[in-house]
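Step one of this worksheet: look at the structure below.
The values are calculated or read from the model by the stated rules, or taken from the named source; none is laboratory data. The shown structure was predicted, so the numbers you read here are calculated from the model rather than taken from an experiment. Using ideal geometry, Cβ is built from the backbone for each residue, glycine included, and neighbour counts are taken over all protein chains shown. All accessible areas refer to the heavy atoms of the entire protein, side chains included, with ligands and DNA or RNA removed. Shrake-Rupley method; radii C 1.70, N 1.55, O 1.52, S 1.80 Å.
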Amino acid sequence: MKQLLLCIFAILTLPAYATPAQELSELLDEIYQYEMQVVHPIEATIRGFEASNNKLPDASEETLESYNKQFKVFLERLHRIDFKALSRTEQINYQVQEYYLLDYIDEYEIGGNMLPFTSESGFFSSLSFLPSIHQFKTEKDYQDYLSRLSQFPEYFEQQIHWLKKGIATGMTQPKAILDGLPETVANFYQMEPEKSGYYRPFTQFSNAKLSSEQQKALQDKARDIIQNKVFPSYQTLHTFLLEEYIPKAKTDISAHAWKNGKAYYQNRVSHYTTTKMTAEEIHQLGLQEVKRIRGEMQKVIEDVKFDGDLKAFIHFLRTDPQFYAKSEQELMRYAAYLSKKIDSKLPKLFSHLPRTPYGVEPVPASIAPKYTTGRYIQPNNDSEPGYYWVNTYALNERPLYALPALTLHEAVPGHHLQIALAMELEELPPVRRFGYISAFGEGWGLYSEYLGKEINFYETPYDEFGRLSYEMWRAARLVVDTGMHSQGWSRQRAIDFMLENTALSKLNIISEIDRYISWPAQALSYKIGELTIKKLRKQAEQELGDKFDVREFHKAVLEHGAIPLSILEENINLYIQKNK
């Protein structure tokens, strides 16, 4: 009897087997904790994990190999979970996490760590955001920040190690896109320490209760570390680029020139578009879109009664002073005006708006010369805004007629609205709230430019042409990205194609082409995503008829955060069936 009772007690006290939902939830949390506490210490600071505030990422060969092994273990555990037993939301969690794990593994195994920068940014420029992401409220906050700065030499040496390995294996960025890169790096050290952006937290201590002695000690230490740790790191990289990397960089611009380059490019095409489309299919789609948009551009030329063809009209737009700001202040004021103008129209399109505001700021001068025309910078935490960045470098290359479309894309209803709403979905796991899937996010940004047409945001035919030029820009990307990386196009042929078909300035076009060369396939995500959202909206309008509500459609698109396009299609089909 005693033995029987003991057996029953043992059975009753055995741990219950976790359900598939519990397994998934625990695994997602474990992956996130690993990412924050081990892999991404800077992002951890942004997310509020303070334990790693004094650390830079470890990019050593041994460490990156260990990360890859661990991500493979996570992926294997994910695949053991019974997908069919999960709820719809849990299935999306599963698929989104799988998307990121596969990317970690693919990027490492195809040698992405040997390409730690593109034509416009990289590890050396992303570090310049450190003063913005840190909280400076205590002496420890300042010491943690200084600890990070003191680690620059080791971190830069790790990155240079990978660049040298890239030289040895042929995995380098093309020489054609490296012009101006050493000068960009030099911008980070050719100054007095007090003039460096890294010294900014020590210019005032308004948020910290520190004695004057403590403040002076921190300032002295900051000057010493910037002068003797930070600046030499940039100087070493600058010398390495000039003397070793650029002379030995590959001359072929195509991704196919890398080892296993064809497979690498198709892998990146699949990742950035979240589709199974081939490079050739995307190339042909791009040519079709270019032809369609040229027809709409011609209508604008006829509306303004311009005496000339498309080429002459584009030349007129590029050269007439009426279309360009005369000062940085004028450009920024117009961007701010457009931002407030669209804010007032959002309730017509959306039933739910984010609580997080956004500001309008110029692109930092240190990176502006080779930077894109505008960008969105998301909030670091729930006490900060997002930022719509506008490039004020070379004003004669920044047409005012393009600014309305740019504002809709980068601010609202584009990136800020989509990303802020996702961050506020507190019932979802972090991989859904903070992740970014390019086909969804950039597709939404381009779709947002189109929404401006529906609410009469474009005041003049020139504004409308600016919108069409931006749409043409994204359509031309499909052609030139696939052309250069899979069809043997030269850099000049790609530049000429963009010059012929868009109203972008030559400086913008060269910057963009170099970006596509150095960041294969990312540029494909915009048009593929936008066309998918438009297709789904047309389907919803046709099937729902009078029951279609654009505000509810937008809610159905955005309420799950950034997701692969296949999941978006499933979600919209469910939305249609629910509302029929």
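A few points about this structure:
- Long-range neighbours under 7 Å by Cβ, at least six apart or interchain, first residue on the phi > 0 side of the Ramachandran plot within the stretch 532-561, second hydrophobic (A, V, I, L, M, F, W, C): 561/422; 561/425; 561/428
- A count restricted to the stretch 127-177 and to residues that are small (Gly, Ala, Ser), under 26 Å from the mean Cα position of the chain (by Cα) and open to solvent by 30 Å² or more (accessible area, probe 1.4 Å) stands at 3.
- Members of the stretch 382-396 that are of a type in the set (Asp, Glu) and surrounded by fewer than 15 Cβ atoms within 10 Å (Cβ to Cβ): 382
- Candidates in the stretch 481-498 are the residues that are aliphatic (A, V, I, L, M) and without any contact (Cβ under 8 Å) to a residue 60 or more places away in the chain; of these, the one that is nearest to residue 266 (Cα to Cα) is 494.
- Matching option when the condition is of a type in the set (A, V, I, L, M) and modelled with pLDDT of 95 or more, among 285, 310: 285
- If the condition is being open to solvent by 10 Å² or more (accessible area, probe 1.4 Å) and among the hydroxyl-bearing types (Ser, Thr, Tyr), then the stretch 231-246 contributes 236, 239.
- Single residue of the stretch 59-91 satisfying the filter (open to solvent by 60 Å² or more (accessible area, probe 1.4 Å) and in a loop (DSSP other than H, G, I, E, B)) that is farthest from residue 157 (Cα to Cα): 82
- Cβ-Cβ under 6 Å pairs, at least 6 apart or on other chains, the stretch 231-244 side under 10 Å from residue 160 (Cβ atoms) and small (Gly, Ala, Ser), far side in a helix (DSSP H, G or I) and open to solvent by less than 70 Å² (accessible area, probe 1.4 Å): 233/152; 233/153; 233/156
Every residue, every condition in (1) part of a loop (DSSP other than H, G, I, E, B); (2) modelled with pLDDT of 90 or more; (3) surrounded by fewer than 16 Cβ atoms within 10 Å (Cβ to Cβ), yes or no:
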residue	(1), (2), (3)
11	no, no, yes
17	yes, no, yes
21	no, yes, no
27	no, yes, no
30	no, yes, yes
33	no, yes, yes
36	no, yes, no
44	no, yes, no
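- Contacts under 7 angstrom Cβ, first residue in the stretch 112-129 being on the phi < 0 side of the Ramachandran plot, partner surrounded by 20 or more Cβ atoms within 10 Å (Cβ to Cβ) and charged (D, E, K, R), 6 or more apart: 118/515; 119/370; 119/514; 119/515; 120/370; 120/515
- Only one of the listed residues (536, 531, 524) is open to solvent by 10 Å² or more (accessible area, probe 1.4 Å), assigned to a helix (DSSP H, G or I) and at pLDDT 95 or above. That residue is 531.
- Of the residues making up the stretch 357-386, those that are of a type outside the set (D, E, K, R) and under 25 Å from residue 454 (Cα atoms) are 357, 358, 359, 360, 373, 374, 376.
- For the stretch 202-221, taking the residues that are within 31 Å of the chain's Cα centre (by Cα) and in contact (Cβ under 8 Å) with a residue 40 or more places away in the chain, the one that is most open to solvent (accessible area, probe 1.4 Å) is identified as 207.
- Single residue of 72, 84 found to be out of contact with any helix residue (DSSP H, G or I) (no Cβ under 8 Å at 6 or more places or on another chain) and not aromatic (Phe, Trp, Tyr): 84
- Among the residues of the stretch 347-360, those identified as loosely packed, with under 15 Cβ neighbours inside 10 Å and not small (Gly, Ala, Ser) are 347, 348, 352, 355, 357.
- Entry remark, the stretch 304-323: residues being without any contact (Cβ under 8 Å) to a residue 12 or more places away in the chain, open to solvent by less than 60 Å² (accessible area, probe 1.4 Å) and within 36 Å of the chain's Cα centre (by Cα) number 3 in total.
- Which listed residue, of 119, 132, is outside any helix (DSSP H, G or I), at pLDDT below 95, small (Gly, Ala, Ser) and out of contact with any strand residue (DSSP E or B) (no Cβ under 7 Å at 6 or more places or on another chain): 119
- The residues listed here are 291, 259, 250, 276; of these, the one that is open to solvent by less than 80 Å² (accessible area, probe 1.4 Å), within 30 Å of residue 478 (Cβ to Cβ) and either in contact with a Leu (Cβ under 6 Å, 6 or more places away or on another chain) or basic (Lys, Arg) (or both) is 250.
- No other residue among 504, 524, 478, 565 is touching an Asp or Glu at 6+ places or on another chain (Cβ under 8 Å) and either among the basic types (Lys, Arg) or over 25 Å from residue 252 (Cα atoms) (or both) apart from 504.
- For the stretch 46-58, taking the residues that are assigned to a loop (DSSP other than H, G, I, E, B) and of a type outside the set (S, T, N, Q), the one that is nearest to residue 161 (Cα to Cα) is identified as 58.
- Restricting 421, 417 to residues that are touching a residue at least 24 places away in the same chain (Cβ under 8 Å), part of a helix (DSSP H, G or I), touching a His at 6+ places or on another chain (Cβ under 9 Å) and farther than 25 Å from residue 174 by Cβ narrows the list to 421.
- Among the residues of the stretch 345-390, those that are within 20 Å of the chain's Cα centre (by Cα), over 16 Å from residue 125 (Cα atoms) and in a loop (DSSP other than H, G, I, E, B) comprise 354, 356, 357, 373, 378, 379, 380, 381, 382, 384, 385.
- Of the residues screened, residue 43 is not one that is closer than 26 Å to residue 440 by Cα, acidic (Asp, Glu) and more than 18 Å from the chain's Cα centre (by Cα).
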